[in-house]
Structures are given as C-alpha cells and as structure tokens.
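All remarks here apply to the structure that follows.
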C-alpha cells in the first residue's frame, strides 16, 4: 500500500487518500493500481511531444526504441489499411486489448473480426509516443485519436480519443505487441498547444 500511495501522491492536486479508501479501489488488485498510476503518469506527459520530436531531440531514442516506434507506426498503418497479414505479423497470438481497469477485454481473434467487419475508420493516429525498453519486454505509451463508423449491421458514427500503453515482447529476435491497455477520455480531443 505504501508503494501505491507514493505513486499516487506524485499528483499533488488530487485527494488520493480518499480515493484509496473508496470502495471502488479497495477491491482492485495491485495490477490495477499500477495501471492507474501509469494512466496518471501518461496524463502528465507533455502533450506536445510526438514521435518526430523524439527522434529530433537531444535524447534520441536507442536503436531498440526507434525500432519499436517504427513497428508501432507500422501497426497503426496496418490498422488503417486493414492489412491482415501485417496485423498478424505484428500482433502476438495471445494479444489482448484491455480497458485500463480490466472492466473489458478483447482477444486478438475478436479484435481482428471487429476491425474487418464492424469498423469503417476515417482517421486513426497516435501521437506523443514514448517507448521504454526493458530487455526483451518494452512498452510504448501514446495518445490516440480515431473516428469513423462502427456497427455490425447498421454503422453509426463514432469519435474517441485517449491514452494507451502497448506492451511489446521480443521473442526469437522479433518484436510483437502482446497487450494494449487503453483509457478512453470523455469529450472531444483537445488540440495540441
């Protein structure tokens, strides 16, 4: 509990003591507390930072980070193009999309089915991409936006934005994404300042 409080207290304007004692968080497992901390830290990431600025800054990404940023961009391109073979190459068979609080999950097969049959994507992109490599495991935190139409029979317009943490694993010398944890934010996306 000390670690969670320390992490949560890094955001000074929020009453985390009351939050930790609330019934909603008391029942969450440690991993959800960690995800909450990660989401809070994502919100603290300067929104003006994007992949181009990362590569042009004084703190250029390492070779592994640059490779992961390239793969993440290729994944976004494959989603927009609905390129099944590229998606299967980049996404591990055990890939799962999760809500930040694990209130819902979508396995790879269902995720692909939804993409190909339920979504007409007009625009989808990521920005403020920040990679972190830990040996053969890595994560990329980013801000995302998309809009289009969705539905199985009748397509209805949608527009959403938020933050994600993608977890990548290197196996046999090849990186694949194994998990995406997403936070969908309410309201319209604010433009970068």
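Every number here is computed from the coordinates shown, using simple stated rules; none is lab data. Computed from a predicted structure; not experimentally measured. Cβ: placed from backbone, ideal geometry, glycine included. Neighbour counts: every protein chain shown.
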Could you put 123, 154 in order, starting from the residue whose Cβ has the fewest other Cβ atoms within 10 Å? 154, 123
Which order do the peptides 71-81, 158-168 come out in when sorted by mean C-beta neighbours inside 10 angstrom, highest first? 158-168, 71-81
Cβ-based exposure ranking for 98, 132, 126, in which fewest neighbours within 10 Å come first: 132, 98, 126
Taking the Cβ of each residue in 179, 103, 118, 142 as the centre, tally the other Cβ atoms inside 10 Å and list the residues starting with the fewest. 103, 118, 179, 142
Taking only C-alpha pairs under 8 Å that are 6+ residues apart, what is the relative contact order of segment 51-185 in percent? 23
